Amino acid sequence: MADIDVLGTLTERDFLAGYGEVAKYGLLGDAAFFAWLEENGPGLAAGDAGLRQDAVRRSVQMKADIVMRDETEQGDRALLNLGHTFCHALEAATGYSDRLLHGEGVAIGCALAFEVSARMGLCPQEEPSRVRAHLSDMKMKRDLSDIPGELPGADALLTLMGQDKKVVDGQLRFILARGIGQAFVTGDVPRAVVQEVLSDALRAG
Ligand SMILES: [Zn+2]
């Protein structure tokens, strides 16, 4: 399988960045897959080819299923953007430099999306904690403080999020979650909650 051969040639940092997108699939739609990653992620990162193949196969399958479902039931494809509104703002804030690779931004963005979900009472606080614990087990970036250098404040980050192309009629659309594996699309997210989560995350550094 070509994807697996490519994985073997990546630096550890690039590999873990790619893993951010793999973990995203579990987080958005398959709690059992996420639990599997919690169990097998470290072995997979250490180079187990069989585990890597299983993880990539499951991710590719989920993407195909979501894209197919999207053709009949509108909007499911948007779930693939879990973590990406935060990610795009962070990529812009770091000048699309190697301070932050795309997949690293996705991982941090997923953690922030779960944090916003918990803050809104959509899921228990255990869920974002579990996301961050897994990223920690994987030795991945998970907090804003893991990004080297200065970041702009919460307001500036919110402005950058507003420049994301997925803004509809000035309303930010988010992918939030009712739990691990239960993501959904919503335009109903108070700006103040996102600002508070970003402020807290910046302060935690
Ligand atoms: Zn992406």
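Where a number appears in this text, it was derived from the coordinates with a stated rule and is not lab data. The shown structure was predicted, so the numbers you read here are calculated from the model rather than taken from an experiment. For neighbour counting, all protein chains shown are included, and Cβ atoms are generated from backbone atoms with ideal geometry for every residue, glycine included.
Just add up the charged neighbours of Phe114: K/R +1, D/E -1, any other residue whose Cβ is under 12 Å from the Cβ of Phe114.
Working: positive: Lys24, Arg119, Arg130, Arg132, Arg142, Arg178; negative: Glu115, Glu126, Glu127.
Net charge in that neighbourhood comes out at +3.
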task: Determine, for each peptide in 193-199, 108-114, 21-27, the mean count of other beta carbons within 10 angstrom over its residues, then list the peptides with the highest first.
output: 108-114, 21-27, 193-199
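Give, as a single signed number, the net charge of other residues whose beta carbon lies under 13 Å from the beta carbon of Pro190, with Lys and Arg counted +1 and Asp and Glu -1. Before the final figure, lay out the partial values.
Values: positive: Arg119, Arg191; negative: Asp188, Glu196.
Its environment carries a net charge of 0.
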- prompt: Under unit Cβ charges (Lys, Arg +1; Asp, Glu -1), what dipole magnitude, rounded to 20 debye, does segment 2-203 have relative to its Cα centre?
  reply: 200 debye
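Against the globular-protein guess of 2.2 N^0.38 Å, express the Cα radius of gyration of segment 86-186 as a ratio, rounded to two decimals. Don't skip to the end; give the middle numbers.
Working: Rg = 13.5 Å, N = 101, 2.2 N^0.38 = 12.7 Å.
Cα Rg divided by the expected 2.2 N^0.38 Å: 1.06.
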message: Need one number: nm distance between label points at Thr159 and Asp54, each 7 Å from Cα along Cα→Cβ, rounded to one decimal.
response: 4.8 nm
- request: Compute the long axis of helix 12-29 from its Cα atoms, compare it with the longest principal axis of the Cα atoms of the chain, and write down the angle in degrees, 0 to 90, nearest 10.
  value: 70 degrees
- request: Report Rg(Cα)/(2.2 N^0.38 Å) for the chain, keeping two decimals.
  value: 0.97
task: For segment 176-193 and segment 69-98, compute the distance between their C-alpha centroids and round to whole Å.
output: 13 Å
